[in-house]
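The values are calculated or read from the model by the stated rules, or taken from the named source; none is laboratory data. Nothing here was measured: the structure is a model prediction, and the numbers come from that model. No Cβ is skipped: glycine too gets one built from the backbone with ideal geometry, and neighbour counts run over all protein chains shown. Keep in mind that these areas ignore ligands, DNA and RNA; they rest on the heavy atoms of the full protein, side chains included. Shrake-Rupley method; radii C 1.70, N 1.55, O 1.52, S 1.80 Å.
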Amino acid sequence: MEDPSSTSNDLLETATFGAGCFWCVEAIFLRIDGIQSAQSGYMGGRSPNPTYEEVCTGSTGHAEVVQIKFNPKAVSYTQILEVFWALHDPTTLNRQGADVGTQYRSAIYYHSEEQNAVAMKSKSDADTSGRFASAIVTEISPASEFYPAEDYHQDFYKQNPAHGYCRAVILPKLKKLGI
């Protein structure tokens, strides 16, 4: 019997999320069964080939995002969205904790009309669930050009587990989520 967690690349689907600092988002998604890869980058802005320094100014319009490749036979898009809602505060506009600016906005960038419909329903369900004290402000938009972040941002938590941000922000999130 085929192992559903391993599959050829042509069977993988793509999903892209903004949920604050991409270091946190990537570290969490890389630990979810069925997600084959997670890459930090930028999306949703108007500047081609933005750098981290440019995105941090807020002038490019890009969000810090993580683009994942997942096996839908092992983990559904709906299940991934449940992780997305749990890993950040989708009720704060352009802010996650101490990270403030439009680049830290909560965003779902859909890659198909099916993903759009599932994301809209998931957002509505999460918004009316009572688990959040305020209304969800997550933007749901069509995916645009994805620009990979610089190499030093990739696998940041894995490469830098003793970094202060990793110990103070990422590790508690991993513990909270039980991963």
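Residue check, Val100 against (1) over 19 Å from Ile179 (Cβ atoms); (2) in contact with a strand residue (DSSP E or B) (Cβ under 8 Å, 6 or more places away or on another chain); (3) open to solvent by 60 Å² or more (accessible area, probe 1.4 Å); (4) aliphatic (A, V, I, L, M), all met but one. Which one?
(2)
Could you list, in sequence order, all residues of segment 124-137 that are open to solvent by 50 Å² or more (accessible area, probe 1.4 Å), hydrophobic (A, V, I, L, M, F, W, C) and not in a loop (DSSP other than H, G, I, E, B)? Can you show your working first?
Residues of segment 124-137 that are open to solvent by 50 Å² or more (accessible area, probe 1.4 Å), as a first pass: 124-125, 127-131, 133-135, 137.
With hydrophobic (A, V, I, L, M, F, W, C) added as a condition, the list becomes 133, 135, 137.
Result: no residue meets the conditions.
If you check Ala98, Ala63, Ala86, Ala15, which single one turns out to be in contact with a Phe, Trp or Tyr (Cβ under 8 Å, 6 or more places away or on another chain) and closer than 26 Å to Ala168 by Cα?
Numbers: Ala98 fails: in contact with a Phe, Trp or Tyr (Cβ under 8 Å, 6 or more places away or on another chain); Ala86 fails: in contact with a Phe, Trp or Tyr (Cβ under 8 Å, 6 or more places away or on another chain); Ala15 fails: closer than 26 Å to Ala168 by Cα.
None of the other options fit; the residue is Ala63.
Does Gln115 satisfy the criteria of being within 14 Å of the chain's Cα centre (by Cα), polar (S, T, N, Q) and open to solvent by less than 50 Å² (accessible area, probe 1.4 Å)?
Values: within 14 Å of the chain's Cα centre (by Cα): no; polar (S, T, N, Q): yes; open to solvent by less than 50 Å² (accessible area, probe 1.4 Å): yes.
Spelling it out, it is not the case that Gln115 is within 14 Å of the chain's Cα centre (by Cα), polar (S, T, N, Q) and open to solvent by less than 50 Å² (accessible area, probe 1.4 Å).
Show the residue pairs that are 6+ apart or on different chains and have beta-carbon atoms under 8 Å apart, the first residue being within segment 42-62 and more than 12 Å from Glu145 (Cβ to Cβ), the second being buried (at least 22 other Cβ atoms within 10 Å of the Cβ) and hydrophobic (A, V, I, L, M, F, W, C).
Cβ pairs passing all conditions: Tyr52/Ala149.
So which of Lys121, Lys176 is out of contact with any His (no Cβ under 8 Å at 6 or more places or on another chain), of a type in the set (Lys, Arg), modelled with pLDDT of 95 or more and surrounded by fewer than 18 Cβ atoms within 10 Å (Cβ to Cβ)?
On the way: Lys176 fails: modelled with pLDDT of 95 or more.
That would be Lys121, the only listed residue that is out of contact with any His (no Cβ under 8 Å at 6 or more places or on another chain), of a type in the set (Lys, Arg), modelled with pLDDT of 95 or more and surrounded by fewer than 18 Cβ atoms within 10 Å (Cβ to Cβ).
Listed residues Gln96, Gln103; which is in contact with a His (Cβ under 9 Å, 6 or more places away or on another chain), modelled with pLDDT under 95 and not aromatic (Phe, Trp, Tyr)? Outline the logic, then answer.
On the way: Gln103 fails: modelled with pLDDT under 95.
Just a single option satisfies the conditions, and that option is Gln96.
Testing Ile140 on (1) in a helix (DSSP H, G or I); (2) in contact with a helix residue (DSSP H, G or I) (Cβ under 7 Å, 6 or more places away or on another chain), one condition comes back false. Which one is that?
(1)
In segment 151-173, how many residues are of a type in the set (D, E, K, R), surrounded by 12 or more Cβ atoms within 10 Å (Cβ to Cβ) and over 17 Å from Ala86 (Cα atoms)? Walk me through how you get there before you give the answer.
Going residue by residue through segment 151-173, those that are of a type in the set (D, E, K, R) are 151, 155, 158, 167, 173.
With the extra rule that they be surrounded by 12 or more Cβ atoms within 10 Å (Cβ to Cβ), the set shrinks to 155, 167, 173.
Pick out the ones that are also over 17 Å from Ala86 (Cα atoms) and you get 155, 167.
Within segment 151-173, residues that are of a type in the set (D, E, K, R), surrounded by 12 or more Cβ atoms within 10 Å (Cβ to Cβ) and over 17 Å from Ala86 (Cα atoms) number 2.
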